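Okay, so here's the structure we're looking at.
The values are calculated or read from the model by the stated rules, or taken from the named source; none is laboratory data. Note that the structure is a prediction, hence the values are computed from the model and not measured. Neighbour counts are summed over all protein chains in view; Cβ atoms, including those assigned to glycine, are modelled from backbone coordinates with ideal geometry.
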There are 2 protein chains.
Amino acid sequence: MTTRVFLTGATGFVGSHVARRLVQAGCQVSALVRPTADTTPIADLKDSLTLVEGDLRDGDALERSLVASDPTVCVHLAWYAAPKQYLHGLENLEAVAASATLLRALARTGCRRIVFVGSCAEYEPSAGCVDERSPVRPTTLYAACKQAVWLMVDQFARARGGTAVAARLFHVYGPREPVARLVPSVITALLAGRPCPLTRGDQMRDLLHVEDVAGAIWAVARSEIAGAVNIAAGMPVSIAEVAQEIGRQVGRPDLLELGRLPQGADDRRWLCATRGRLQTELEWKPRFTLPGGLAHTIEWWRTHIRHAGRVSPLST
Amino acid sequence: MTTRVFLTGATGFVGSHVARRLVQAGCQVSALVRPTADTTPIADLKDSLTLVEGDLRDGDALERSLVASDPTVCVHLAWYAAPKQYLHGLENLEAVAASATLLRALARTGCRRIVFVGSCAEYEPSAGCVDERSPVRPTTLYAACKQAVWLMVDQFARARGGTAVAARLFHVYGPREPVARLVPSVITALLAGRPCPLTRGDQMRDLLHVEDVAGAIWAVARSEIAGAVNIAAGMPVSIAEVAQEIGRQVGRPDLLELGRLPQGADDRRWLCATRGRLQTELEWKPRFTLPGGLAHTIEWWRTHIRHAGRVSPLST
């Protein structure tokens, strides 16, 4: 039986890769996109999926689209994602309202499985390396709103005899990552021969290439697993090591200025995952190693930078 | 300094009593009411508070009303409350979206304190007698949505340098309680001389008269307490005892048919509170004893029942 997926957030960084992975897997994909959205990231897929023009704030139109596409699975990725501002922006509240509207529209369909994309930021800050049984305690509006939607999604699905997953993303990197974020800012600085000021870099993180993230989300969606699932490699690495690996590969480790910037207030020392349900229950394995994934990403940036230090608008 | 309160849900069962208590306390109250709402429950207050016609779904109008009323405290009570259906109705999702809209509008004001009215249903079902440190784990859409809004409210207030309270209601009874609920259904049956079929009645609950609930909410709102506060007497009583006390007072204990109805699936054995922060930190005391509160409620129903067994529409 063909899996019919209703996907939100398909034009975003992670969403565009998820859309591609779902199409590759043979799913029938309906991707909700705002009329004003830049669909360049999924332009190559335009003959392989259905673009549904709409808005998560318009419940009636959403309901019609959902009934028409009659999904077996809903993958809900759309969220406010402006780098840095996303942790505290009031747009997070809008994302909650939009998610509530999505669920009410989903109630009109036979969809019995929902994959909601959450975040490692939902875990208790002092927790260190977490697994899915680790305590959840949001300390930002972003994390609170992600957790809020998960609570709704979970009970909504249960009440309808369905299942839901909170796919909690850790640090995602790869092609099309917004350039203000860590990996692309280091890569683009070094490729341009610019000095790259950084914090001390002893924050421990879990990095996964975005194509592996997309693969993991599909693995989760197609399975019958329910509850929280960490989308993570299960292997802590320091920010300094990541920067140094990029430095090595680009051949400009001399440009890295570790310790130049102060740590941010929201910058947890640890935000890592141990091997979790993705590994133990689904036996999922990433395709990329960290050096391999960074090499792939550096290559993508090389071909997408028109001028030294200048990023093409299409790539962000 | 006058406390300026923006109140949602003022025409509801609990809300109408909260509105009255705030007015008595000398607050300047702006009560948001839908244009279609029946304002009878607060008709006596019409010269003492400002009725703000509006809807939590209309963010722009809400913002204008909030800016105009410039509240120092927001007491957010509006919710979907249809007896029995409220636990699973999709209207709970709408209440979340409405609450997100309220917060975004509040961001335009200088309001630094929010009292959000939550529920004992948010606590872990196996918990028995709970206090505010007891684990929270929603198992219904209603409880999930209440918890979802609390997560948003708490982080929203913190991010603005303010404080928020989750006032978690336990079993509230008293004048204007919807007649389908336990206490009024027993009272009205017995007053009408009708047999009153009940479950075994060994469910343990915490009962508080609605005027005491309103008093407690005001005590919480005026204080600087933050986080969850149980609005409860801190004294467990069985449903059978409550029914028998009503039977004794009405003089018709013979009409009580305890054990006639099966227990409901959502009917937890224990949903009680120990003495909590209301008692230990705010030293708050209820005005009514349980027999006194039931006597007051029975008296109210006597004067509001036009015909035996027939409840005036004004009273529900």
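Being closer than 22 Å to residue B:134 by Cα and assigned to a strand (DSSP E or B), is that true of even one residue in region B:211-222? No, that holds for no residue.
Results for (1) at pLDDT 95 or above; (2) touching a strand residue (DSSP E or B) at 6+ places or on another chain (Cβ under 8 Å); (3) polar (S, T, N, Q), shown as yes or no for each residue.
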{"site": "B:212", "(1), (2), (3)": "yes, no, no"}
{"site": "B:219", "(1), (2), (3)": "yes, no, no"}
{"site": "B:226", "(1), (2), (3)": "yes, yes, no"}
{"site": "B:230", "(1), (2), (3)": "yes, yes, yes"}
{"site": "B:233", "(1), (2), (3)": "yes, yes, no"}
{"site": "B:240", "(1), (2), (3)": "yes, no, no"}
{"site": "B:247", "(1), (2), (3)": "yes, yes, no"}
{"site": "B:255", "(1), (2), (3)": "yes, yes, no"}
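Taken together, the residues in region A:130-158 that are within 8 Å of chain B (Cβ to nearest Cβ) and either among the aromatic types (Phe, Trp, Tyr) or in contact with a strand residue (DSSP E or B) (Cβ under 8 Å, 6 or more places away or on another chain) (or both) amount to 5.
The test for being at pLDDT 95 or above, out of contact with any helix residue (DSSP H, G or I) (no Cβ under 8 Å at 6 or more places or on another chain) and either within 15 Å of residue B:87 (Cβ to Cβ) or not in a helix (DSSP H, G or I) (or both) holds for residue B:110. When A:290, A:271 are checked against the criterion of being modelled with pLDDT under 95 and in contact with a His (Cβ under 9 Å, 6 or more places away or on another chain), A:271 stands alone in meeting it.
Counting residues in region A:234-250 that are in a loop (DSSP other than H, G, I, E, B) and of a type outside the set (A, V, I, L, M) gives one or more. Selection of region B:167-193 for residues being assigned to a loop (DSSP other than H, G, I, E, B), modelled with pLDDT of 95 or more, of a type in the set (A, V, I, L, M, F, W, C) and in contact with a helix residue (DSSP H, G or I) (Cβ under 9 Å, 6 or more places away or on another chain) yields only B:170. With respect to the conditions (1) of a type outside the set (Val, Ile, Thr); (2) assigned to a helix (DSSP H, G or I); (3) surrounded by fewer than 20 Cβ atoms within 10 Å (Cβ to Cβ), residue B:152 lacks only one, and its number is (3). For region A:85-115, what are the residues that are within 12 Å of chain B (Cβ to nearest Cβ) and in contact with a His (Cβ under 8 Å, 6 or more places away or on another chain)? The answer is A:99, A:102.
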